[in-house]
Amino acid sequence: MAWSSFDVGTGAWESALTNTESPGDRIVSFLIGQFGLLWIDQQKRLNFNVDVVESEWGQGANLDILESKLASDRAHTIKAICIVHNETATGVTNNLVKVRSHLGEHSIYFSSLFFNDRGHNYNEALLKNLSF
Ligand SMILES: Cc1ncc(COP(=O)(O)O)c(C=O)c1O
């Protein structure tokens, strides 16, 4: 499993995905607000197969759905997980430690990529908890 995290920038989203994934690859992408929406729009325009998990805006990502998708993906079709850490538009912070823990529970996912748009929310303690 690889880890990619970056501060801000639509260009960073694009370069991270296009340098590691191929058109048609399945990406599980969480939508909880405007920046997730913009990222997903970009993923679709780049011709990825985007599996959107939307929660009501103002709420955090539904990570139970991630868990069940990972558990049922025996053919390992999920090539990347995309999640905004702090959704600037709503102020909601997603629980990346829980995402990391779900990935660890499904060790089959060692070759998957975990993309996190960290926004302005640099947090060294969090990064330690996410160690791979
Ligand atoms: C969480 C988050 N992601 C992405 C962006 C997009 O960054 P940029 O406008 O530099 O492309 C922003 C901008 O505020 C943001 O807050």
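The values are calculated or read from the model by the stated rules, or taken from the named source; none is laboratory data. Bear in mind the structure is a predicted one, so any value in this text is a computation, not a measurement. So basically every Cβ, Gly included, is an ideal-geometry build from the backbone, and we count neighbours across all protein chains shown.
If I filter the range 56-64 for residues that are more than 16 Å from the ligand (Cβ to nearest atom) and of a type in the set (S, T, N, Q), do I get at least one hit?
Yes: one or more hits.
Sort through 57, 13 and tell me the only one that's aromatic (Phe, Trp, Tyr) and surrounded by fewer than 19 Cβ atoms within 10 Å (Cβ to Cβ).
Selected residue: 57, the only one of 57, 13 that is aromatic (Phe, Trp, Tyr) and surrounded by fewer than 19 Cβ atoms within 10 Å (Cβ to Cβ).
If we scan the range 35-44, do we find a residue that is assigned to a loop (DSSP other than H, G, I, E, B), buried (at least 16 other Cβ atoms within 10 Å of the Cβ), of a type outside the set (A, V, I, L, M) and within 16 Å of the ligand (Cβ to nearest atom)?
no
When the range 68-103 is examined, which residues are found to be over 15 Å from the mean Cα position of the chain (by Cα) and among the small types (Gly, Ala, Ser)?
Passing the criteria: 68, 71, 72, 75, 89, 91.
Take the range 87-99 and flag every residue that is surrounded by fewer than 20 Cβ atoms within 10 Å (Cβ to Cβ) and outside any loop (DSSP other than H, G, I, E, B).
Once the filter is applied, which keeps residues that are surrounded by fewer than 20 Cβ atoms within 10 Å (Cβ to Cβ) and outside any loop (DSSP other than H, G, I, E, B), the range 87-99 yields 92, 93, 97, 98.
Residue 65: within 14 Å of the chain's Cα centre (by Cα), part of a helix (DSSP H, G or I) and of a type outside the set (Phe, Trp, Tyr), yes or no?
Yes; evaluated as a whole, the condition is true for this residue.
Can you tell me which condition residue 51 does not meet? The list is (1) within 23 Å of residue 16 (Cα to Cα); (2) more than 16 Å from the ligand (Cβ to nearest atom); (3) among the acidic types (Asp, Glu); (4) over 13 Å from the mean Cα position of the chain (by Cα), and all the others hold.
Evaluating residue 51 over (1) within 23 Å of residue 16 (Cα to Cα); (2) more than 16 Å from the ligand (Cβ to nearest atom); (3) among the acidic types (Asp, Glu); (4) over 13 Å from the mean Cα position of the chain (by Cα) leaves (4) as the failure.
Please name all residue pairs, on different chains or six or more residues apart, with Cβ atoms under 8 Å, provided the first residue is in the range 94-122 and is more than 21 Å from residue 39 (Cβ to Cβ) and the second residue is surrounded by 13 or more Cβ atoms within 10 Å (Cβ to Cβ) and at pLDDT below 55.
110/1; 111/1
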